[in-house]
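Student: One structure is given below, represented as structure tokens, and several questions about it will come after.
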Amino acid sequence: MRNTRNLIFLATIALAGCIPGKKNDGIEISDRKSFSSPSAQQCLGNLKSDKVSFRPLANRDYGGGCKAHNAVQLLNFGTPTTNLGPMTCNLANGFTDWTRDVVRPAARKYLGSKLVRIETSGTYSCRRVSGSGNLSQHAFANAVDVFAFVLADGRKITVLNGWSGKKTEQRFLRQIHADACGRFGTVLGPKYNRQHADHFHLDMSPSRVKGTPFCR
């Protein structure tokens, strides 16, 4: 009976595309050293110059094509953010820049209060794009889903309620969505489909059209 349960468990993981490789807490550490290329080193330098506190992570392969290479763990960049796990250095740069240069000023401008927290559902997740056989950018620690913004006066502006809510909330969310399009490879929100009605999906995937981000 125990062997049968183990076989069922492994089969279930395999179907999800997340069966682990060599045993190492469910992960296989890649032979390739992280941040070995000049571009990866430059990315770390950009975080340091922006005074972002972070921890570089070893390359990890999770199986099924899912991996986190040249990833960091953000520790402090001035705005507490929930659920941030491993994220590629490029995504970390894009996200911290967007928060500093776009979201914080927009909160002051449209909502009249200081941004004190961003709420996300996380970064890395071994999963596929809905309705597709392709791996999501989350499977490469290259995406983050943002659900809400908390202000110093206690208000919480959610994508779900604010997108069609008060005019000030609409302006705030539309402004930070539009500005994200110039900083990320793909930006998806409520205008894209029902699955994104409650969050912004931000990732650093290569543009579908050279030089033009996919922004919906």
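The values are calculated or read from the model by the stated rules, or taken from the named source; none is laboratory data. Treat the numbers as computed from the prediction; the structure is a model and nothing was measured. Ideal geometry is used to build each Cβ from the backbone, glycine not excepted, and the neighbour counts take in all protein chains shown.
Student: Would you confirm, using the coordinates I've provided, whether Gly133 is in a loop (DSSP other than H, G, I, E, B) and at pLDDT 95 or above? Steps first, please.
Tutor: Details: in a loop (DSSP other than H, G, I, E, B): yes; at pLDDT 95 or above: no.
Spelling it out, it is not the case that Gly133 is in a loop (DSSP other than H, G, I, E, B) and at pLDDT 95 or above.
Student: Still on this structure, I have one more. If Gln170 satisfies every condition in (1) without any contact (Cβ under 8 Å) to a residue 12 or more places away in the chain; (2) in contact with a helix residue (DSSP H, G or I) (Cβ under 6 Å, 6 or more places away or on another chain) but one, which is the exception?
Tutor: Only one criterion is unmet by Gln170, namely (2).
Student: Take the residues in region 33-51 that are of a type in the set (Ser, Thr, Tyr) and under 14 Å from Asn90 (Cβ atoms), then tell me which one is surrounded by the fewest Cβ atoms within 10 Å (Cβ to Cβ).
Tutor: Looking at the filtered set, the residue picked out is Ser39.
Student: Further question: Is it the case, given these coordinates, that Val116 is β-branched (Val, Ile, Thr), at pLDDT 95 or above and either assigned to a loop (DSSP other than H, G, I, E, B) or closer than 21 Å to Ser205 by Cβ (or both)?
Tutor: When the stated conditions are applied, Val116 does not pass them.
Student: Restricting attention to region 167-197, which residues are aliphatic (A, V, I, L, M) and surrounded by fewer than 17 Cβ atoms within 10 Å (Cβ to Cβ)?
Tutor: Selection gives Ala178, Ala197.
Student: Could you tell me which of the residues Ile8, Ile19 is farther than 22 Å from Arg100 by Cα and either modelled with pLDDT of 95 or more or surrounded by 14 or more Cβ atoms within 10 Å (Cβ to Cβ) (or both)?
Tutor: Of the residues listed, the single one that is farther than 22 Å from Arg100 by Cα and either modelled with pLDDT of 95 or more or surrounded by 14 or more Cβ atoms within 10 Å (Cβ to Cβ) (or both) is Ile19.
Student: Could you grab me the full set of residues in region 54-97 that are outside any strand (DSSP E or B) and more than 12 Å from the chain's Cα centre (by Cα)?
Tutor: Leu57, Ala58, Asn59, Gly64, Gly65, His69, Asn70, Phe77, Gly78, Thr79, Pro80, Asp97 - these are the residues of region 54-97 that are outside any strand (DSSP E or B) and more than 12 Å from the chain's Cα centre (by Cα).
Student: Can you name the residue in region 42-75 that is of a type in the set (S, T, N, Q) and in contact with a Lys or Arg (Cβ under 9 Å, 6 or more places away or on another chain) and is also nearest to Asn134 (Cα to Cα) among such residues?
Tutor: Filtering region 42-75 for residues that are of a type in the set (S, T, N, Q) and in contact with a Lys or Arg (Cβ under 9 Å, 6 or more places away or on another chain), the one nearest to Asn134 (Cα to Cα) comes out as Asn59.
Student: Considering only residues of region 162-208 that are among the hydroxyl-bearing types (Ser, Thr, Tyr), assigned to a loop (DSSP other than H, G, I, E, B) and under 21 Å from Tyr124 (Cα atoms), which is modelled with the lowest pLDDT? Working first, answer last.
Tutor: Of the residues in region 162-208, the ones among the hydroxyl-bearing types (Ser, Thr, Tyr) are 164, 168, 186, 192, 205, 207.
Imposing the further condition that a residue be assigned to a loop (DSSP other than H, G, I, E, B) reduces the set to 164, 192, 205, 207.
With the extra rule that they be under 21 Å from Tyr124 (Cα atoms), the set shrinks to 205, 207.
Numbers: Ser205: 87, Ser207: 58.
This residue is Ser207.
Student: Starting from residues that are of a type in the set (A, V, I, L, M, F, W, C) and farther than 17 Å from Arg216 by Cα, keep the ones in region 148-166 and report whichever is surrounded by the fewest Cβ atoms within 10 Å (Cβ to Cβ). Break it down into steps so the answer makes sense when it comes.
Tutor: To start, the set of residues in region 148-166 that are of a type in the set (A, V, I, L, M, F, W, C) comprises 148-152, 157, 159-160, 163.
From the residues that got through so far, the ones that are farther than 17 Å from Arg216 by Cα too are 148-152, 157.
Values: Ala148: 18, Phe149: 27, Val150: 20, Leu151: 17, Ala152: 12, Ile157: 22.
Across region 148-166, the extreme among qualifying residues is Ala152.
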